[in-house]
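Novice: Next up is a structure, given as structure tokens.
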Amino acid sequence: MNTTILFSVGSFILILAALVLLRAKNARFEVKPSDIVVAVVPVVLFLLVTGKLQKLEVGEGGVKIETAFVQASASTIDKQVTPLVGIPAEPVRLGPKGGVNEIPRLLESETEGLTFRLGHGGYWGPAIAEYFAALSRQPFLKYVIIEDRDGRFFGLANARALAEFFEQGYGAPVLPEQFAAWLNESDTKALVQLPGFIGAADAVSKGTDKYQALLKMETLAVDRLPATNEAGRFAGMVERSRLTASLLIDVAKNLNK
């Protein structure tokens, strides 16, 4: 049997069992029709997203889950894109003079990402190391956002993994001085090797529909993707959990029409 089908059947049984056990704490063991519906809907959505199930119709001329799903998945991800907290309006300037002046403000705003621009020419390794050392001590720093010279989104990397590399010092996969040089020289071949890198080609636009976004996440084996606006600039992150929850809500709304 196909592993996807096995996974789906197993998921259905686990969800159903969890619902029954939760009720059994205060009552008798009982499987209600509502339990079956709650357990089967996420599995059906998963099968539809992965293309294993093309159509599901309940009843003669009755509810068409396929239609409800298609309508829901065709809606855009715009409302599910979450902007990052505390991102400066302009890329940080990490030069040898006054390079660390912004650290207190970034700590206060609990910034989730540091933005850098290709070809800046003034990035300095020690200043970059100090930024990452200060910000990574707090739980909020998550991403490194890299822009092209014109401000368009180039790519995104895992800031915490990069901070760990910087702390390792000599022998680490990436040193602060190397990172600064790659940015200053627009060495895109080196930058795409950063930990957790997702480039512009794999980002989604705010106008992407939910089905395509989930399909891309499945293909790349990730749970979140960077999103861009109409100008190609970084707009925020979209997460699989939010998309899935939104799909469930939209499908329910469509079935109730």
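The values are calculated or read from the model by the stated rules, or taken from the named source; none is laboratory data. Note that this is a predicted model, so its numbers are computed, not measured. Cβ sites come from the backbone with ideal geometry, for glycine too, and all protein chains shown count toward neighbours.
Novice: Tell me, please, whether a residue that is touching a residue at least 40 places away in the same chain (Cβ under 8 Å), surrounded by 15 or more Cβ atoms within 10 Å (Cβ to Cβ), more than 21 Å from D78 (Cβ to Cβ) and out of contact with any strand residue (DSSP E or B) (no Cβ under 7 Å at 6 or more places or on another chain) can be found in segment 224-244. It would help to see each step written out before you state the result.
Specialist: Let us first name the residues in segment 224-244 that are touching a residue at least 40 places away in the same chain (Cβ under 8 Å), namely 226-228, 231-239, 242-244.
Of the ones still in play, those that are also surrounded by 15 or more Cβ atoms within 10 Å (Cβ to Cβ) are 226-228, 232, 234-239, 242-244.
Those still in the list that are more than 21 Å from D78 (Cβ to Cβ) too: none.
No, there is no match, as no residue in segment 224-244 is touching a residue at least 40 places away in the same chain (Cβ under 8 Å), surrounded by 15 or more Cβ atoms within 10 Å (Cβ to Cβ), more than 21 Å from D78 (Cβ to Cβ) and out of contact with any strand residue (DSSP E or B) (no Cβ under 7 Å at 6 or more places or on another chain).
Novice: Looking only at residues that are among the acidic types (D, E) and under 14 Å from the mean Cα position of the chain (by Cα) in segment 166-218, which one is modelled with the lowest pLDDT?
Specialist: Here is the first cut: in segment 166-218, the ones among the acidic types (D, E) are 167, 177, 185, 187, 202, 209, 218.
Within this subset, residues satisfying the condition of being under 14 Å from the mean Cα position of the chain (by Cα) are 202, 218.
Working: D202: 95, E218: 86.
Here the answer is E218.
Novice: T188 passes all but one of (1) without any contact (Cβ under 8 Å) to a residue 40 or more places away in the chain; (2) polar (S, T, N, Q); (3) farther than 24 Å from G86 by Cα; which number fails?
Specialist: Of (1) without any contact (Cβ under 8 Å) to a residue 40 or more places away in the chain; (2) polar (S, T, N, Q); (3) farther than 24 Å from G86 by Cα, only one is false for T188: (1).
Novice: Here are the criteria: (1) buried (at least 19 other Cβ atoms within 10 Å of the Cβ); (2) part of a helix (DSSP H, G or I); (3) not polar (S, T, N, Q). Tell me which single one E218 does not satisfy.
Specialist: Checking E218 against (1) buried (at least 19 other Cβ atoms within 10 Å of the Cβ); (2) part of a helix (DSSP H, G or I); (3) not polar (S, T, N, Q), the one that fails is (1).
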